[in-house]
Amino acid sequence: MGSLSFEKDFEPSVVTPRGLIANGDFGEMKRLKVATPTTPRKNLNVAVTEPGSRNDGPSLDCILMNYIDTLSQRINYHIGYPVNICYEHYASLAPLLQFHLNNCGDPFLQNTVDFHSEDFEVAVLNWFADLWEIEKDQYWGYVTNGGTEGNLHGILVGRELLPTGILYASKDSHYSVAKAAMMYRMDFEMINTSVHGEMDYSDLKARLLQNKGKPAIINVTIGTTFKGAVDDLDIILQTLKDCGYTYDQFYIHCDAALNGLIIPFIKNMISFKKPIGSVTISGHKFLGCPMPCGIQITRKSYISHLSTKIEYIASVDATISGSRNGLAPIFLWYSLCMKGRAGLQQDAKICNENARYLKGRLHKAGISAMLNESSIIVVFERPNDPKFIRHWQLSCTRDMAHVVVMPGITRETIDSFFNDLMQEREKWYQVGTTLPPCLADDIGSQNCLCSYQKMRH
Ligand SMILES: Cc1ncc(COP(=O)(O)O)c(C=O)c1O
């Protein structure tokens with residue numbers, strides 16, 4: 001580390017605009033109230049410059065301040081993706097940036113180097129094992145780079161246990177599931193979904209019966225990416241039973257990327273007391289973390305199929321990546337300790353109430369919208385202006401857009417978004433030549449308030 005010192009080289013205020021953190025009190029970092037609407041961020045045209053050639057241009061600190069300033073101005077317009085950007089712990093944890101922390105290999109085995117955080121990683125994994133009801137000596141897991149890696153891992157465990165298995169996932173499952181099928185060259189059955197985005201169990205049944213000779217590896221989505229629908233694990237297990245699949249003929253991976261920390265507080269569906277093989281979540285989604293990360297948990301007895309002894313790292317490796325981010329487990333551990341189950345439950349309740357509030361306002365104003373039970377994702381008509389979509393950083397599919405009401409998205413932000421939408425909508429649809437889209441096929445006729453549906457009712 002030589003001459004590096006945190007005070008000198010990592011002082012957060014060096015690169016933090018004064019407006020971002022009042023009085024330098026980092027514990028007080030909250031979503032900022034930005035008075036004037038800002039424009040989407042432009043490309044900063046950053047280049048790597050040689051140390052001796054910077055005399056004419058802005059200093060590195062200046063470039064960073066400019067960047068942080070832009071991000072801080074846009075923070076209240078980040079409502080279209082499931083990222084919790086409301087964490088207050090970065091100042092306490094910032095000194096960790098002076099160390100390279102690498103959790104390469106198996107977190108449960110003694111590491112031969114000191115610069116890792118596997119103690120924190122195991123603490124986090126134990127917390128999730130407890131949440132998902134599996135004994136400490138019965139599970140294995142690791143902190144991943146995100147939900148995608150968790151899915152790749154869970155499906156790989158399934159494939160190693162049942163090499164001839166067919167992968168089943170709904171049409172609304174995350175694209176990483178299809179990616180896994182492609183990477184592992186697995187047969188893949190895509191199951192239909194209801195208008196709400198939930199797996200169509202009769203279609204699943206028909207395909208399971210059709211493929212009866214082969215084992216089934218089923219990806220169950222606990223909170224779909226776009227509509228926040230929850231595939232019912234219990235119905236899927238019953239369907240497998242009805243189709244005559246015994247425990248050794250199926251493997252279930254639960255992709256609970258966003259809802260994994262919401263569902264347990266509403267309807268505890270995820271449990272290793274049921275015959276499931278693995279569960280994954282994204283750490284940066286509902287819990288929140290500055291760097292992408294996730295948690296993957298599976299049964300210990302399954303992991304020997306994947307474990308390889310690696311002499312170079314003096315460890316056994318059953319993970320997907322090589323080097324793993326050692327900072328992420330510490331951020332996750334810190335957040336879990338600060339919030340606890342009660343704090344997360346409170347977050348889930350507030351987000352769900354705020355999502356209902358947004359859906360209620362949209363419906364009252366005659367705008368098509370849908371919110372699945374226990375979801376925090378409000379699906380509504382796609383705004384008719386790409387600039388508006390970009391401004392609010394919305395995600396869109398076909399004629400739909402969605403707002404993910406994450407922790408930190410206040411009623412004030414929701415109102416500001418709603419008022420902006422109403423104002424712009426008047427312009428888009430004022431002449432009467434363009435009409436709001438019909439969403440009956442996408443979110444159900446009861447949620448669609450387009451003029452055609454109104455006429456029909
Ligand atoms: C259901 C679901 N699974 C997996 C993922 C992928 O997670 P990540 O972006 O952490 O890789 C997402 C991301 O939105 C998701 O919604």
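The values are calculated or read from the model by the stated rules, or taken from the named source; none is laboratory data. Note that the structure is predicted; figures quoted are calculated from it, not measured. Neighbour counts are summed over all protein chains in view; Cβ atoms, including those assigned to glycine, are modelled from backbone coordinates with ideal geometry.
General observations
- Scope the range 132-155; condition away from the ligand (no atom under 14 Å from the Cβ) and in contact with a Pro (Cβ under 6 Å, 6 or more places away or on another chain); matching residues: TYR142
- Of all residues in the range 121-138, those satisfying the criterion of being under 19 Å from VAL316 (Cα atoms), in contact (Cβ under 8 Å) with a residue 60 or more places away in the chain and surrounded by fewer than 24 Cβ atoms within 10 Å (Cβ to Cβ) are ASP137, GLN138.
- Counting only helices (runs of 4 or more DSSP H) that sit wholly inside the range 388-457, those with at least 2 residues that are modelled with pLDDT of 95 or more are 411-428, 440-443.
- Single unsatisfied condition, ASN325 versus (1) touching a helix residue (DSSP H, G or I) at 6+ places or on another chain (Cβ under 6 Å); (2) closer than 25 Å to ILE85 by Cα: (1)
- Residue check, LEU96 farther than 25 Å from ARG411 by Cα and touching a residue at least 40 places away in the same chain (Cβ under 8 Å): yes
- Among residues of the range 237-263, those that are within 30 Å of VAL404 (Cβ to Cβ), away from the ligand (no atom under 16 Å from the Cβ), touching a residue at least 60 places away in the same chain (Cβ under 8 Å) and part of a helix (DSSP H, G or I), counted: 0
- Matching residues, the range 46-72, being under 25 Å from CYS293 (Cα atoms) and free of Cβ contacts under 8 Å to residues at least 40 places away in the same chain: TYR67, THR70, LEU71
- Sole exception among (1) farther than 24 Å from LYS241 by Cα; (2) within 16 Å of the ligand (Cβ to nearest atom); (3) at pLDDT below 95; (4) crowded, with 19+ Cβ neighbours inside 10 Å for PRO290, by number: (4)
- Filter pass, HIS174 being more than 30 Å from SER445 (Cα to Cα) and not polar (S, T, N, Q): no
- Residues satisfying the stated conditions in the range 205-235, i.e. away from the ligand (no atom under 16 Å from the Cβ) and either surrounded by fewer than 24 Cβ atoms within 10 Å (Cβ to Cβ) or closer than 10 Å to ASP172 by Cα (or both): LYS205, ALA206, ARG207, LEU209, GLN210, ASN211, LYS212, GLY213, LYS214, PRO215, ASP234, ILE235
- Among residues that are part of a loop (DSSP other than H, G, I, E, B) and away from the ligand (no atom under 16 Å from the Cβ), PRO82 is not included.
- Residue, nearest to ILE222 (Cα to Cα), within the range 158-179, restricted to residues that are among the aliphatic types (A, V, I, L, M) and more than 16 Å from the ligand (Cβ to nearest atom): ILE166
- When THR193 is tested against (1) of a type in the set (S, T, N, Q); (2) within 15 Å of the ligand (Cβ to nearest atom); (3) under 30 Å from ASP317 (Cβ atoms), just one condition goes unmet, and that condition is (3).
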